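A.B. asks: Have a look at this one.
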Amino acid sequence: MSDPAWQWCTRVNPKDRLRVKCNYCKQIILGGISCFKNHIAGTHSDVAACTGSQENPLPAYVKHQCMEILNAVKANRIEKEMQDAEEGYEDPHVEESEGEDVDLEEEDVGVSLGIDKGKGIMHGGGSSATATRKRR
């Protein structure tokens, strides 16, 4: 709970971070602390803006702080996207090889290409009922 916006809301259920109750208007916000910040700042169409209450009106500095937090998050996201674009979008699953050739045995290539065709291929060690069933 290191986000400063947690001081302006409480969790409805201590185990659920996605349902928070605004300390000012007492509205329950679904979507966690991010949606709550939009609620306080009044910056998103999917979340109703906080109006405060007569007993506990929304201070202007709280709204201003939430807007600053949201703008900082947006700036960080844009900066990261620009860095990613500069570096290029490489596939993280592909390892770069240094020209190593792999020697394949002829029998390995034959099996992987499906050269051994016929009825007996499914009866070599499969344990499932469909793999051991013979056709009539």
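A.B. asks: Could you pull out the residue among Thr43, Thr51, Thr10 that is among the hydroxyl-bearing types (Ser, Thr, Tyr), surrounded by fewer than 17 Cβ atoms within 10 Å (Cβ to Cβ) and under 21 Å from Lys74 (Cβ atoms)? Break it down stepwise before answering.
C.D. replies: On the way: Thr51 fails: under 21 Å from Lys74 (Cβ atoms); Thr10 fails: under 21 Å from Lys74 (Cβ atoms).
Unique residue meeting the criteria: Thr43.
A.B. asks: Got at least one residue in region 91-107 being part of a helix (DSSP H, G or I) and either at pLDDT 90 or above or open to solvent by 80 Å² or more (accessible area, probe 1.4 Å) (or both)? If you could, list the steps in order and put the result at the bottom.
C.D. replies: Looking only at region 91-107, we keep the residues that are part of a helix (DSSP H, G or I), and these are 106-107.
Add one more test, that the residue is either at pLDDT 90 or above or open to solvent by 80 Å² or more (accessible area, probe 1.4 Å) (or both), and what stays is 106-107.
Yes, there is a match, as at least one residue in region 91-107 is part of a helix (DSSP H, G or I) and either at pLDDT 90 or above or open to solvent by 80 Å² or more (accessible area, probe 1.4 Å) (or both).
A.B. asks: Residues in region 64-90 that are loosely packed, with under 10 Cβ neighbours inside 10 Å, part of a helix (DSSP H, G or I) and either in contact with a helix residue (DSSP H, G or I) (Cβ under 9 Å, 6 or more places away or on another chain) or of a type in the set (Gly, Ala, Ser) (or both): how many?
C.D. replies: 1
A.B. asks: Residues in region 8-38 that are touching a helix residue (DSSP H, G or I) at 6+ places or on another chain (Cβ under 9 Å) and not charged (D, E, K, R): how many?
C.D. replies: 15
A.B. asks: Restricting to strands (runs of 3 or more DSSP E) lying wholly in region 3-61: which have 1 or more residues that are touching a Ser or Thr at 6+ places or on another chain (Cβ under 8 Å) and touching a residue at least 12 places away in the same chain (Cβ under 8 Å)? Show your work before the answer.
C.D. replies: Numbers: elements: 9-13, 16-22, 28-30.
Ranges flagged: 16-22.
The values are calculated or read from the model by the stated rules, or taken from the named source; none is laboratory data. These numbers come from a predicted model, not from an experiment. Neighbour counts run over all protein chains shown; Cβ positions are idealised from the backbone, glycine included. Surface accessibility is based on the protein's heavy atoms, side chains included, excluding ligands, DNA and RNA. Shrake-Rupley method; radii C 1.70, N 1.55, O 1.52, S 1.80 Å.
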